[in-house]
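All remarks here apply to the structure that follows.
Just so you know, all these numbers are worked out from the coordinates, no wet-lab data involved. Predicted model only: the values in this text are computed from it and were never measured. Here the Cβ is made from the backbone with ideal geometry for all residues, glycine too, and neighbour counts use every protein chain on show.
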Amino acid sequence: MGNTIAKFSPCFNGGGGGGGAAAAAPPEPYDDPNLGHAFCYLRPNDTTIFRTISGAALGANASTPPSTSELHSLTSHLTWPAAANTAASGFESSTSFSSVPLQPVPRFSSGPLSSSLADRGFLSGPIERGFLSGPIDPRSTSTSTGSSNLIGSSNRTTDSSDSIPIPNRSNLHWAQGKAGEDRVHVVVSDEHAWLFVGIYDGFNGPDAPDYLLSNLYSAIHSELKGILWDDESPNPNWPENHLAVLKALWKALKKTEEAYLGITDKMVMENPELALMGSCVLVMLMKGEDVYLMNVGDSRAVLAQRLDFYSRNSIEKENQGLEMMMMITDGLHDLAALQLTIDHSTCVLEEVERIRDEHPDDACAIVNDRVKGSLNVTRAFGAGFLKQPKWNNALLEVFRIDYIGNKPYLSCTPSLYHHKISSKDRFLILSSDGLYQYFTNDEAVSQVELFITMCPEGDPAQHLVKEVLFRAAAKAGMEFHELLEIPQGDRRRYHDDVSIIVISLEGRIWRSCV
């Protein structure tokens, strides 16, 4: 499955160069199919604002099977075939996507190792392999478990009387992946001329992110009917109504959570763990130059934007008395990292004050920087035990919180944002919060900018995942490969699950960005 190292470019050369005597055969590459995966989508033409999607996911949490098969029988489809339910990582897609499992460069027994960002970490990713050897056949590189037709096969909500229409798959390019408790969903619709990305960062189990992966895109597709598409003309020149699009995203999320909590209500006595499970949500819908964002929790969308002199002065004035936004200068461009989403966590004072104001009779609404001592996110999908007393009471006593009153401690009210892409916008980073345990927004933008300058044929999302591992290993006082040898689950002590998607916004592949 793409284990060859015969066609490395200089970007991914693992050892020192030079001639001389023939070197001893290197050790076999580290090969753990559960570690994660990298994937890419290269737009075949310049008809869209974006051209390249680079994605990567890294698992840290041990994967567990869904708590009940009945849950999935009520969703739109089995997101993961039965054989894959216990795997910690997996990826499936249409043939327009290419993917490879994450494969660290072997630990060489001798010889100098370059310390440059391009000479360490993983073997080449799908973008670079495509440049080196032509188009990749995803069927030979994907970690697919056999099902190749997963999107909308029978898309329904939990109630047969409230079914969601099935999107037309004939003009869809899609990918979905999992790493630990993270789930990623990418849909490129030629019919509707849009790009959809969903990143679902689950916690306390897989059911909530799996349910989002199965149902949220279909719900959004349904809510956008009459706003961005209809049956007669799926892609007409609709009048701009950004507020209506954002409201449709919110309505779709609300309906999806209501359906999920409805399942929880029916099954919580037999499967009380369902009341614990939840997920952060990050959704991006790009249509033409318009980017619509919805988030619940602490996943982020960060825009890399080239700033002119006047823009820099404006930002400096707005940030007087605060730490100045770091400008990344590579001799050609000045880039700023602009976070387009809002974090919903106990690190945000406004969120903490909101919860305390909503629960004036509970002095322990926030304990140890966690909502009721349990979660550091202040908004999330699912997690019913923090939303209604009945779901908290259904839990085993050891998991219960001291629920005071009837008001929810946690909400699923999203933050919504519209952005119009301009010529100053370089790329967009969408990620679960695992990236930002070791990177600031500015550092993430700087890493991608430097990487695509040095390695225009490389995979920037895979590079960020690699750097997370290097930083986690350094913080723990160990080497890169030592960290990877720690079993899944135990490795969660050092880093979180990480899912990253980097989207070029210049209508060109990375090579033309230099």
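Computed quantities for the displayed model
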| quantity | calculated |
| --- | --- |
| Order of M478, M277 - criterion: other Cβ atoms within 10 Å of each residue's Cβ, fewest first | M478, M277 |
| Ranked packing of 416-427, 280-291, 395-406, most packed first, by mean Cβ within 10 Å | 280-291, 416-427, 395-406 |
| Sorted by Cβ density within 10 Å, fewest first, the residues D433, D362, D334 | D334, D362, D433 |
| The range 414-514 - charge dipole about Cα centre, Lys and Arg +1 at Cβ, Asp and Glu -1, debye rounded to 20 | 300 |
| Efficiency of FRET between E289 and Q339 - r from beta-carbon atoms, R0 25 angstrom, step 0.05 | 0.80 |
| At 1.567 mPa s and 4 °C, Stokes D of the range 396-441 from Kirkwood alpha-carbon radius, µm² per second | 82 |
| Computed lengthening from L396 to E232, 0.36 nm per intervening residue step minus Cα-Cα distance | 53.8 nm |
| Calculated FRET efficiency for the pair L450/E258, C-beta based, R₀ 35 Å, to 0.05 | 0.20 |
| Order by protection proxy (mean Cβ within 10 Å, highest first), peptides 212-218, 267-273 | 212-218, 267-273 |
| Neighbour-count ranking [beta-carbon atoms within 10 angstrom, fewest first] of K247, K466 | K247, K466 |
| Members of K225/K287; K372/K407; K225/K255; K247/K420; K251/K390; K178/K255 lying beyond 20 Å, as alpha-carbon distances in this model show | K251/K390; K178/K255 |
| Spacing of the two label points (7 Å from each Cα toward its C-beta) at H418 and E358, in nm | 2.6 |
| Theoretical gain in end-to-end length, Q437 to M478 [0.36 nm per residue, Cα-Cα removed] | 13.0 nm |
